[in-house]
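Some notes on the structure that comes next.
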Protein chains: 2
Amino acid sequence: LPADATPSWLWVASLGDPGVTLEVPDEEARYLVRVCRARPGESVTLTDGRGSMGRARVIEIAPRVRLELESRETLRREREAIVLCGVPEGNRADWLVEKLAELGVSALQPVQCERGVWPEGEHRVARLERLAYAALRQSRRAFLMEVRRPVPLREALAGIAAPSALWSCDPQGRPAGECVPPPTGVAHGLVGPSSGFTADEATLALDRGAKCISLADGRLRTETAAIGWALWWAAGR
Amino acid sequence: LPADATPSWLWVASLGDPGVTLEVPDEEARYLVRVCRARPGESVTLTDGRGSMGRARVIEIAPRVRLELESRETLRREREAIVLCGVPEGNRADWLVEKLAELGVSALQPVQCERGVWPEGEHRVARLERLAYAALRQSRRAFLMEVRRPVPLREALAGIAAPSALWSCDPQGRPAGECVPPPTGVAHGLVGPSSGFTADEATLALDRGAKCISLADGRLRTETAAIGWALWWAAGR
């Protein structure tokens, strides 16, 4: 049997049905050839990042990577986490995205706050999306984390369907060890920007039914709190 | 009353008794003047990173920063966490140190494994120590995280006094949500290098009484698992 090339986990826009021949996007093709060192005949795992997964065989590497889909299955998510996050300092958004995607968060919703504004612009979003794709491969997930466009806090809070599943990360909150994440459904975690929420913003979250949760005994940076909340959620599966 | 300069949290080697005049190390002096923009008459918080904390007043800024200690108290730790960690990929050790220090971990013990070796050398350790000092200020802690010299896994495991308080981070382990971190005493978390432990190394940990704990439903990178374990521990206070 042909060996499975080591971390052969690729994203494709759409899988199609078994038997179909697939062309692989450039970045994924480079990854397959250079990092996984895949060769014709070897088998790889594919996902569309929306829960469909397939096994495919490498037909050819050059001039283009082509694969033949052999089987396909569809996964469903029993539970989801969405992180609403103020802007972290410096370039810490990069690893915020990497880590949240690694932990299986469904979506990162950047929120614009009085004391911290995410830079907007397509190249920024594209960069964060590339990091989310890389984390999908690395952690071998079937669901790609969505990186949403920044919206004002008020708008993000108004968009939450089930306000009962909203936690606001706050050093004054209830210790995480005493809080139980929901075993199913969608959970929302809210984290302030590096300079924190204003009193009005904190009230806005409470008015939406947010429960305050404290993740450690000290002050956490924005990105650490967001990852802490995601880990708390991930541990509750 | 003179205002407290914003994040005026400084490390000094030793506090001495109230009334004493203190000179501040260069890096801390730069932080106080450039970041906190402290001025004579303002008050700052000092720690020796070993649990002693003091309030001091700025006497002069130039040519050297000098402070007068006004009061002092000593804190004790009820619980401690030590992370034994294989080498992460690339430059991820930087933020591993920053985040573990931020979460109040007492010590990072790099462990040398068959599939991953920490680079040694004084400048490497010095860099990681600088990051630990910066995290101490940022998260306003009274205890500095110790960054130990790398030792072989076997030696690190043999050095653990209470093997019952040892967790090995392992995707096949018991979900973290079902494990309770100890409310007091020293807890040890063990994380493999990016390519994982060998079977022999995993057995070595089990022989020392390690309990296997799983922090999320997918594969985590070394640094993510280490931070995940520290957060699990921090949430259990």
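The values are calculated or read from the model by the stated rules, or taken from the named source; none is laboratory data. Values in this document were obtained by computation on a predicted structure and should not be read as measured data. When we count neighbours, we look across all protein chains shown, and the Cβ atoms used for this are built from the backbone with ideal geometry, even at glycine. When the accessible area is computed, the model is the full protein with side chains, heavy atoms only, and any ligands, DNA or RNA have been set aside. Shrake-Rupley method; radii C 1.70, N 1.55, O 1.52, S 1.80 Å.
With the structure loaded, tell me whether residue B:50 is touching a residue at least 60 places away in the same chain (Cβ under 8 Å) and open to solvent by 70 Å² or more (accessible area, probe 1.4 Å) or whether it fails that test. So residue B:50 fits the description; yes. Restricting the first member to segment A:25-41 and to residues that are touching a residue at least 24 places away in the same chain (Cβ under 8 Å), and the second to residues that are polar (S, T, N, Q) and open to solvent by less than 80 Å² (accessible area, probe 1.4 Å), the beta-carbon pairs closer than 8 Å and six or more apart or on different chains are A:32/A:8; A:36/A:8; A:38/A:8. With respect to being within 12 Å of chain A (Cβ to nearest Cβ), without any contact (Cβ under 8 Å) to a residue 60 or more places away in the chain and open to solvent by 10 Å² or more (accessible area, probe 1.4 Å), residue B:219 fits the description. Scanning segment B:125-152 for residues that are more than 21 Å from residue B:104 (Cβ to Cβ) and touching a Phe, Trp or Tyr at 6+ places or on another chain (Cβ under 8 Å) gives a single hit, B:150. Of the numbered criteria (1) within 14 Å of chain B (Cβ to nearest Cβ); (2) touching a Cys at 6+ places or on another chain (Cβ under 9 Å), the one residue A:227 fails is (2). Of all the residues in segment A:202-216, those that are open to solvent by less than 10 Å² (accessible area, probe 1.4 Å), outside any loop (DSSP other than H, G, I, E, B) and either among the hydrophobic types (A, V, I, L, M, F, W, C) or within 7 Å of chain B (Cβ to nearest Cβ) (or both) number 2. Among the residues making up segment A:94-124, those that are within 14 Å of chain B (Cβ to nearest Cβ) and under 24 Å from residue A:79 (Cα atoms) are A:95, A:96, A:97, A:98, A:99, A:100, A:101, A:102, A:103, A:104, A:105, A:106.
Considering (1) at pLDDT 95 or above; (2) within 12 Å of chain B (Cβ to nearest Cβ); (3) open to solvent by less than 40 Å² (accessible area, probe 1.4 Å), the lone condition that residue A:136 does not fulfil carries the number (1). Restricting B:154, B:174, B:149 to residues that are more than 18 Å from residue B:80 (Cα to Cα), part of a helix (DSSP H, G or I) and modelled with pLDDT of 90 or more narrows the list to B:154. The set of residues in segment B:177-201 being assigned to a helix (DSSP H, G or I) and modelled with pLDDT of 95 or more consists of B:199, B:200, B:201. Considering segment A:165-201, the residues that are without any contact (Cβ under 8 Å) to a residue 40 or more places away in the chain and open to solvent by less than 40 Å² (accessible area, probe 1.4 Å) include one that is farthest from the other protein chains (Cβ to nearest Cβ), namely A:165.
Mind listing just one residue for me: the one in segment A:20-68 that is β-branched (Val, Ile, Thr) and in a strand (DSSP E or B) and, of those, nearest to residue A:104 (Cα to Cα)? Selected residue: A:47. Of all residues in segment B:89-105, those that are in a loop (DSSP other than H, G, I, E, B) and open to solvent by 10 Å² or more (accessible area, probe 1.4 Å) total 4.
Taking segment B:11-41 as the range and being at pLDDT 90 or above, in contact with a Ser or Thr (Cβ under 8 Å, 6 or more places away or on another chain) and surrounded by 14 or more Cβ atoms within 10 Å (Cβ to Cβ) as the test, the residues that pass are B:11, B:12, B:15. Among the residues of segment B:112-142, those that are touching a Gly at 6+ places or on another chain (Cβ under 6 Å) and in a strand (DSSP E or B) comprise B:113, B:116. Only a single item in (1) in contact with a Ser or Thr (Cβ under 7 Å, 6 or more places away or on another chain); (2) closer than 19 Å to residue A:236 by Cβ; (3) of a type outside the set (Ser, Thr, Tyr); (4) more than 14 Å from every other protein chain (Cβ to nearest Cβ) is not met by residue A:85, and it is number (2).
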